[in-house]
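Since every read-out is calculated from the coordinates, none of them should be taken as a lab result. No experiment lies behind these values; they were computed from the predicted model shown. When we count neighbours, we look across all protein chains shown, and the Cβ atoms used for this are built from the backbone with ideal geometry, even at glycine.
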Amino acid sequence: MKTACARAALALALLGCERGDEIHSDEGWYLPSRVAFPKVLDALEPRCATLDCHGKPARNLRLYTSTGLRLLPSDVPGSGSTTEAEYEASYQSVVGLEPEVTSLVVGENGEAPERLTFVRKGRGAEAHKGGVVLIPGDSADACLTSWLASALDEDACARAAEVIPPW
């Protein structure tokens, strides 16, 4: 129980950190850029944010997008654009999933991103219902890992966002 409480407190502290282009928060946490995150989410959207995957409210990692899970009940999947509130909620979901590990990876300039469960699962190194959705070196993987390294590869993100499943 103590471990669960400590993790919850840690996650809340992390989520309350000041964000922007700064990767170092006031609390000593290293965070990937919130400002760059929309490009990352747009790249992950066709692979991960469908209504039967991480666009589902019951998932630990929830991704809110215009084509999947919407933040407001009045927003209909498949219509409009992803809202700033949806980008923020998705960012919080990603960085809050494993806050300690995320801080280590970002603090070490993206070194060994496979320490993060969502990277291992996306690459197929760990059981993942959605199968392999990231291949090391492909545009989506390069987008995500460059974001974790605080050196966003915008071209890779744009290429990944244009891909229509199945890829």
query = Distance in nm between label sites at residue 88 and residue 111, each 7 Å beyond Cα in the beta-carbon direction?
reply = 3.5
Radius 10 Å from Cβ of residue 149, net charge of other residues (Lys, Arg +1; Asp, Glu -1) = -3
request  = Determine the gain in length on full extension of the stretch residue 58-residue 159; use 0.36 nm per residue of separation and subtract their C-alpha separation, reporting nm with one decimal.
outcome  = 33.4 nm
Cβ crowding within 10 Å averaged over residues, with 128-137, 149-158 ranked highest first = 149-158, 128-137
